[in-house]
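K.L.:
First the structure, then my questions, so here it is.
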Amino acid sequence: MSIRESEIGLDVTLAHDYLLVMRGAERTFSAMAQIFPQAPVFTLLYDEEGTEGRFAGHDVHTSPLNRLGVGQRHFRRLLPLYPWAVGRLRPPGGDVLLSSSSAFAHGVRVPPGAIHICYCHAPFRYAWTEQQRALEEVPRPLRALLRRRLQWMRGWDQSASRGVDAYVANSQLTRERIARFYGRESTVIHPPVETHRFSPGVPGEALLLVSELVAHKRIDVALQAARRVNVPIQIVGAGPAYASLHDAYPEATFLGRVTDEELAGLYSSARAVLITAVEEFGITAVEAQAAGRPVIAARAGGVLETVLENETGLFAAPGDASSFAAAIEALERIDFEPRRAVANAERFSVASFQRRLSRFVAEAVQRRGGQDTLSERR
């Protein structure tokens, strides 16, 4: 059972970048909000329907940009304004500001006397690791302007990091990036996966890939690999690369977006689940194992912490279709046991995450209290 604010006497405020849809970061924040059900929530943009009403029980405060009614499809257009907008959020006084940040939430103004703990999904990717991707998403005449703005944002991002008392990283890769870009230490607590939604079924012949269909996810690598070994493959997801991939690989089955229930069924009936993108953590790998299916993933990023090689999955060279094809063929030669995969996935359950984060928050507050007492004695 997790420690709740009533049990440890904490007055907590929560913050997240933007709450528009339910993806990995939002599901993590939802699990955080369950620990502190009375805590107010501060965010740049909010869509109650898009987030399945998961935060409706909280007092949600938004930035002035929320009045523009921008949704998930176009929120990136406001990118240059977010540092200003996050500064307009005014959390109340209390014991803890607990932020969940992939970009801007760690820059929320900290109330006097509060300790700021940031759960970091990644340092702002567009400023640090994916600047070229950001530039390609805008018209060419605007790229020079955006490049200068992103350089400015690096300085803003580093300045914002100095307002954080303690960082929690979602993986070792994120921990390394926090150290490299912010010069800060952090503690790894893997994000929660709703493992209870999945269960083993009867595996079929088709491979499965679940992803946003964008160029940097390298979905083409999985499609090329499946073609080379003549194995059917199903693709779940949508995005700007949908049309080009659909035309280039007519033998593949493109399912678009599916419901949670449909996805659970697809996982349990998959021959194996392919992961070609390099993610800081990668919830898909854990969901696949929770459904009792093996994973074939690029050997990089968070999957190195969640997949047991030659037990619950195999690794392939990132971006190498031949390596993925070889791994698909080698799948029959490993001693895969669905129950072992399910047990491994349970290490990343919601309950496990909530216990660890609750403990971390309580201990951080206790350490701060001890330091304050020592300072007063001096």
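K.L.:
What's the number of the condition residue 22 fails, among (1) at pLDDT 95 or above; (2) among the hydrophobic types (A, V, I, L, M, F, W, C); (3) within 26 Å of residue 283 (Cα to Cα); (4) outside any helix (DSSP H, G or I)?
P.N.:
That leaves (1) as the condition not met.
K.L.:
In region 111-133, is there at least one residue being over 18 Å from the mean Cα position of the chain (by Cα), surrounded by fewer than 17 Cβ atoms within 10 Å (Cβ to Cβ) and either over 30 Å from residue 241 (Cβ atoms) or in the same structural domain as residue 215 (by TED's automatic domain parsing) (or both)?
P.N.:
For region 111-133, residues over 18 Å from the mean Cα position of the chain (by Cα), surrounded by fewer than 17 Cβ atoms within 10 Å (Cβ to Cβ) and either over 30 Å from residue 241 (Cβ atoms) or in the same structural domain as residue 215 (by TED's automatic domain parsing) (or both): present.
Table: residues versus (1) part of a loop (DSSP other than H, G, I, E, B); (2) among the aliphatic types (A, V, I, L, M); (3) under 19 Å from the mean Cα position of the chain (by Cα).
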residue: 138; (1), (2), (3): yes, yes, no
residue: 142; (1), (2), (3): no, yes, no
residue: 152; (1), (2), (3): no, no, no
residue: 160; (1), (2), (3): no, yes, no
residue: 173; (1), (2), (3): no, yes, yes
residue: 181; (1), (2), (3): no, no, yes
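K.L.:
If you don't mind, there's one more thing I want to ask. Are any residues in region 342-352 crowded, with 18+ Cβ neighbours inside 10 Å and closer than 22 Å to residue 301 by Cβ, and if so, which ones?
P.N.:
Once the filter is applied, which keeps residues that are crowded, with 18+ Cβ neighbours inside 10 Å and closer than 22 Å to residue 301 by Cβ, region 342-352 yields 344, 345, 348, 349, 350.
K.L.:
Please identify the pairs in which a residue from region 289-308 that is of a type in the set (Asp, Glu) has its Cβ atom under 8 Å from the Cβ atom of a residue that is crowded, with 24+ Cβ neighbours inside 10 Å, counting only partners at least 6 apart or on another chain.
P.N.:
Hits for this filter: 305/171; 305/281.
K.L.:
Moving on. From the set of residues in region 69-107 that are among the polar types (S, T, N, Q) and touching a Gly at 6+ places or on another chain (Cβ under 9 Å), which is surrounded by the fewest Cβ atoms within 10 Å (Cβ to Cβ)?
P.N.:
Across region 69-107, the extreme among qualifying residues is 72.
K.L.:
Under the condition of being closer than 14 Å to residue 346 by Cβ and not aliphatic (A, V, I, L, M), which residue from region 279-317 is surrounded by the most Cβ atoms within 10 Å (Cβ to Cβ)?
P.N.:
Ranking the qualifying residues of region 279-317, first place goes to 289.
K.L.:
With (1) at pLDDT 95 or above; (2) surrounded by fewer than 18 Cβ atoms within 10 Å (Cβ to Cβ); (3) in contact with an Asp or Glu (Cβ under 9 Å, 6 or more places away or on another chain) as the list, and residue 329 as the residue in question, which single condition is left unmet?
P.N.:
(3)
K.L.:
Now, a different point. So, residue 156, is that one exposed (fewer than 15 other Cβ atoms within 10 Å of the Cβ), among the aromatic types (Phe, Trp, Tyr) and over 20 Å from the mean Cα position of the chain (by Cα) or not?
P.N.:
no
K.L.:
Could you say whether any residue in region 35-55 is under 28 Å from residue 282 (Cβ atoms) and part of a helix (DSSP H, G or I)?
P.N.:
yes
K.L.:
Still on this structure: For the condition touching a Ser or Thr at 6+ places or on another chain (Cβ under 8 Å) and closer than 20 Å to residue 87 by Cβ, what is the one hit in 166, 114, 127?
P.N.:
Sole residue among the options that is touching a Ser or Thr at 6+ places or on another chain (Cβ under 8 Å) and closer than 20 Å to residue 87 by Cβ: 114.
This table checks each residue for (1) farther than 26 Å from residue 367 by Cβ; (2) in contact (Cβ under 8 Å) with a residue 40 or more places away in the chain; (3) not aliphatic (A, V, I, L, M).
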| site | (1), (2), (3) |
| --- | --- |
| 19 | yes, yes, no |
| 29 | no, yes, yes |
| 54 | yes, no, yes |
| 65 | yes, no, no |
| 73 | yes, no, yes |
| 92 | no, yes, yes |
| 96 | no, yes, no |
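K.L.:
Being in the same structural domain as residue 28 (by TED's automatic domain parsing), surrounded by fewer than 19 Cβ atoms within 10 Å (Cβ to Cβ) and over 24 Å from the mean Cα position of the chain (by Cα) is true for just one of 339, 367, 359, 355. Which residue is that?
P.N.:
Among 339, 367, 359, 355, only 367 is in the same structural domain as residue 28 (by TED's automatic domain parsing), surrounded by fewer than 19 Cβ atoms within 10 Å (Cβ to Cβ) and over 24 Å from the mean Cα position of the chain (by Cα).
The values are calculated or read from the model by the stated rules, or taken from the named source; none is laboratory data. In this text, all values refer to a predicted model and were calculated from it rather than measured experimentally. So basically every Cβ, Gly included, is an ideal-geometry build from the backbone, and we count neighbours across all protein chains shown.
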